[in-house]
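Working notes, beginning with the structure itself.
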Amino acid sequence: NAQILQKLCSYNKLRMDLYENGVIDILLTLRDSPDPDARKLSLDAVFDLVKSDKVIAAIPADSDLMQMMTALSRFGSAQVKGAATKIVNKLSKFQEMRIKKERAAAEKKRREEQKQQNRKNG
């Protein structure tokens, strides 16, 4: 029931658990429901779920959620556009941070390998 999922997603402490247990996939499926109330409730639940920075940080760049939010930020109603744009911006920010961390880790590993190589050749 979309109402139950929407209510659960409104609880801050449950958001990450719900995301980790695949509730986002159910909500995205409900977006295709013929019932307009279910579609609205599922979208509200998605917006509630991604209020958590932990959830935002866990969402991959190529996810269905990211694609949906990008589309809503362009083609939704004014209220939906605003909310979706904020989420897209947060998702982008966290993805940039993730990329920077990965690059820094790769650079650190490269430097360590180079030091080891210099010691061997030293």
Surrounding charge for Asp64, neighbours by C-beta under 13 angstrom, Lys/Arg +1, Asp/Glu -1, total -2
Region 74-96 and region 1-21: distance between their alpha carbon centers, rounded to Å | 20
Given a cut-off of 24 Å, name the pairs among Lys7/Lys81; Lys54/Lys81; Lys13/Lys101; Lys40/Lys93; Lys54/Lys93; Lys7/Lys100 whose C-alpha atoms lie farther apart than that in the structure shown.
-> Lys13/Lys101; Lys40/Lys93; Lys7/Lys100
Looking at region 7-69, which chymotrypsin sites (Phe, Trp or Tyr not before Pro) are DSSP coil and have at most 16 other C-beta atoms within 10 Å of their C-beta?
-> Tyr11
In square angstrom, what is the accessible area per residue of region 52-122 with a 1.4 angstrom probe?
-> 75
Please calculate the 1.4 Å probe accessible area of Ile99, with all protein chains present, and give it to the nearest 10 Å².
-> 80
Mind checking the full-extension length gain between Ser10 and Asp25? Use 0.36 nm per residue of separation minus the Cα-Cα distance, one decimal, nm.
-> 3.7 nm
Report the extension gain between Asp32 and Lys81 in nm, rounded to one decimal, defined as 0.36 nm multiplied by the number of residues separating them, less their alpha carbon distance.
-> 15.8 nm
For the chain, give the percent of accessible area contributed by carbon and sulfur heavy atoms, probe 1.4 Å, rounded to a whole number.
-> 51
Pick the calculated Rg and Dmax of the Cα atoms in Å for this structure from (i) 19.4, 72; (ii) 16.6, 57; (iii) 51.8, 175?
-> (i)
Considering only protein heavy atoms, what is the solvent-accessible area of Glu20 at a probe of 1.4 Å, reported in Å² to the nearest 10?
-> 120
What does the helix-only formula give at 222 nm for the chain: each DSSP H stretch with n ≥ 4 adding -39500 (n - 2.57), the total divided by the residues, and the result rounded to the nearest 500 deg cm²/dmol?
-> -26000 deg cm²/dmol
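The values are calculated or read from the model by the stated rules, or taken from the named source; none is laboratory data. Model, not experiment: these values are computed from the prediction. As a convention, Cβ positions derive from the backbone with ideal geometry for all residues, glycine included, and neighbour counts pool all protein chains shown. Side chains are part of the model used for accessible areas, which takes the heavy atoms of the whole protein and leaves out ligands, DNA and RNA. Shrake-Rupley method; radii C 1.70, N 1.55, O 1.52, S 1.80 Å.
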